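**Student:** Pasting a structure below so you can have a look.
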Ligand SMILES: Nc1nc2c(ncn2[C@@H]2O[C@H](COP(=O)(O)OP(=O)(O)OP(=O)(O)O)[C@@H](O)[C@H]2O)c(=O)[nH]1
């Protein structure tokens, strides 16, 4: 066996969108037209091929990213489904890492929505080239040109139209292809599989000429020859124009815009052509950066089969038939079944057992995979999302992923010993799959605490625990993940002395404890000169300090952004030990936190409410009563958009409140923004509740 497609003919791409913009429907159509899926699974039937898990189907949102391989006009497409819900941004980031390009799907009526903004910015962060598909052109109120404007206003994108819609709402018939200057019209049969070229309708000729002009002007900027020809009145031919657009996308100079209606089966095939023509191949993306496992020096891996093997695990899933499967992207080299690998992130050996290629409705066992491929490996022992797998003889660690801190937590109490065991196994699997989901044990109560990015995120985990793993448990109410810090610099001098029969314990430490920069966490430094505290006791000091970090003095929340400097101390030849220093440091640190003006910090969420004008007053009044700070208001179409910063503590159950006073017409999204000091009256309540 060898490669079926040259690496230049690969398109690893994702579809990103705000919830409900039509990602799943568009993906379904793509799979149908590429011939791998024989029945279109409508989302409202809950049968969409990309929606794998029951939980997702019931909720109608795509939670997990699955990767599917399809073929179109000689190109090999790996479609990586990215979830749109705000609680799962981590999944979006994770898939963005392994994409070479993306299609950003907009709802033609809603345009750029809050979550579109979020994923757009994430795509900026990972330098992902993208094209835009304005979907739902058949929907009442759909407005292609407004969507294009919103790409500029909302996300500072550079939209350039490559198509224009013909008709809209019920009369949406097809598109004008501005590259070929042809109309493309769909026949209403075979689910839109048939379509044909026509001349551009006379009433749209001027508009088409105007937008063609804009497209050509933007494109010729990318090439001196094309520009000078253009200035002399010679337009680029079709092939040249396509090349220039491709260059613009890959260099992230502008974002070509396409349109259609996935649901009404129009526009998807030209979108696939655009994916092939304009999105980058792995070669266009170049080498991936990494760190040499042995020398820790920077290195890279070129997208080539002849380079040493490097593979990134980006998604772990439990599959009912195969067990745990790990979705991986091969960046360089050749991967074969039976091969021994190094998980360089964890310094653990693995063996490639089964290797699968996922198609829309079947999975194919394969023996070999090449640079650029996205495959699923079954039976790996200990791989987590973000780990690198590589050739043990040429080990490399590819870029590490960063994950935000969870802001919400719930306690879970298994009902029986058997449930306790099932819970343990299930939690370790869930945590491996999703690094934004954490598990810890409460110091005092001994309860198991689940931590996540939002209410829905944890809801879904609990659902999986109960249904997939059959864990019977009591679940506590969701709680805010508070933190503690200090506001003042203090000095403490503490001596631990104990005489018990024979040898005693003696240790003295003197610390300066002060606020650290926000977000910098905890820092410890020893400024001891001379031998006031011998080196061998420093680890004891550190251990003592760290033992306090998980359990602050106000209400037992984690302590953050504190800096401790050891400036002096004393020891005793016989009675001192690391343990004595640990005890002294622990007590000293607690004393310093008490004296340092301790405060509680709470997560503040960025909230955006979209509401019909009639309810704007109630929305604002309600947000104010939730300690919200209104940041601004503006109009989107005929709806009012209210932006606010609101403490997470006051956002529980907001979805129901909003729904009831707006008759279900207002919607909202929120995401974590920053931690902020809790006002003192509220802090007292929190302390009373937790302390
Ligand atoms: N009118 C119209 N409705 C569409 C179109 N595309 C999708 N829809 C509908 O919009 C709803 C959401 O579509 P999905 O494909 O599930 O959207 P999604 O972006 O995958 O949603 P999540 O997976 O929940 O993020 C469904 O009811 C679709 O039938 C379209 O082109 N026109």
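Values quoted throughout were computed directly from the atomic coordinates according to the rules given, and no laboratory measurement underlies them. It should be emphasised that the depicted structure is a prediction, and the values quoted were computed from it without experimental measurement. Because the Cβ atoms are built from the backbone with ideal geometry, glycine has one as well, and the counts that use them run over all protein chains shown.
**Student:** Take the alpha-carbon centre of the range 99-132, take the same for the range 446-500, and report the distance between them in whole Å.
**Tutor:** Measuring centre to centre over Cα atoms gives 34 Å.
**Student:** Per Stokes-Einstein, at 10 °C and 1.306 mPa s, what whole-number D in µm² s⁻¹ belongs to the range 393-520, with the Kirkwood radius over Cα pairs as the hydrodynamic radius?
**Tutor:** Values: Rh = 18.5 Å.
Diffusion coefficient, whole number: 86 µm²/s.
**Student:** Run the simple label-point estimate for residue 624 and residue 347 please: 7 Å along Cα→C-beta, distance reported in nm.
**Tutor:** The answer from the label model is 5.9 nm.
**Student:** Under a plain spin-label model, where a point goes 7 Å from the Cα along Cα-to-Cβ, how far apart in nm are residue 322 and residue 488?
**Tutor:** 6.1 nm
**Student:** Per q in 0.11 Å⁻¹, report the Debye log10 I(q)/I(0) for the range 600-690, using one uniform scatterer on each alpha carbon and no solvent.
**Tutor:** For the range 600-690, the Cα-only Debye profile gives -0.32.
**Student:** Just subtract the alpha-carbon distance of residue 287 and residue 536 from 0.36 nm times their residue separation and send over the number in nm, one decimal.
**Tutor:** Values: separation 249, 0.36 × 249 = 89.64 nm, distance 4.47 nm.
Going from the current span to full extension adds 85.2 nm.
**Student:** With N residues in the range 483-596, what two-decimal value do you get for its Cα radius of gyration over 2.2 N^0.38 Å?
**Tutor:** Scaled against compact globular proteins, the figure is 1.04.
**Student:** Could you line up 654, 370 from fewest to most neighbouring Cβ atoms inside 10 Å?
**Tutor:** The most exposed by this proxy come first: 654, 370.
**Student:** I want to verify the translational diffusion coefficient of the chain in µm²/s; compute it with Stokes-Einstein, Rh as the Kirkwood radius over Cα pairs, at 10 °C and 1.306 mPa s.
**Tutor:** Reported coefficient: 56 µm²/s.
**Student:** Between the range 352-383 and the range 638-691, what is the separation of their alpha carbon centroids in Å?
**Tutor:** 43 Å
**Student:** Sort 467, 363 by Cβ crowding within 10 Å, fewest neighbours at the top.
**Tutor:** Fewest to most other Cβ atoms nearby, the residues stand as 467, 363.
**Student:** How high is the FRET efficiency from residue 198 to residue 247, r the C-beta distance, R0 30 Å, rounded to 0.05?
**Tutor:** Efficiency, rounded to the nearest 0.05: 0.50.
**Student:** Contour minus end-to-end for residue 463 and residue 579, with contour as 0.36 nm per residue of separation and end-to-end as the Cα-Cα distance?
**Tutor:** Fully extending the segment from residue 463 to residue 579 adds 37.4 nm.
**Student:** Per the Kirkwood treatment, what hydrodynamic radius in Å, one decimal, follows for the range 128-184 from the mean inverse distance over all distinct Cα pairs?
**Tutor:** On the way: mean 1/r = 0.0822 Å⁻¹.
That comes to 12.2 Å for the range 128-184.
**Student:** I'd like the FRET efficiency for residue 158 and residue 517, computed as 1/(1 + (r/R0)^6) with the beta carbon distance as r and R0 of 60 Å, rounded to 0.05.
**Tutor:** It comes out at approximately 0.95.
**Student:** Just grab the label-to-label distance for residue 652 and residue 337, each label 7 Å out from Cα along the Cβ direction, in nm (one decimal).
**Tutor:** Reported label-point gap for residue 652 and residue 337 is 5.0 nm.
**Student:** Tell me, what is the FRET efficiency for residue 495 and residue 691 to the nearest 0.05, using R0 = 30 angstrom and their Cβ-Cβ distance as r? If you can, show how the numbers build up before the last one.
**Tutor:** Details: r = 28 Å, r/R0 = 0.93.
Computed FRET efficiency for residue 495 and residue 691 comes out at 0.60.
**Student:** Which value at 222 nm does the chain reach when only helices count, each DSSP H run of 4 or more adding -39,500 (n - 2.57), with the total divided by all residues and rounded to the nearest 500 deg cm²/dmol?
**Tutor:** Estimated from H runs of four or more residues: -8500 deg cm²/dmol.
**Student:** Oh, and also: Fewest first, what order do 522, 327 take by the number of other Cβ atoms within 10 Å?
**Tutor:** Going from sparsest to densest Cβ surroundings: 522, 327.
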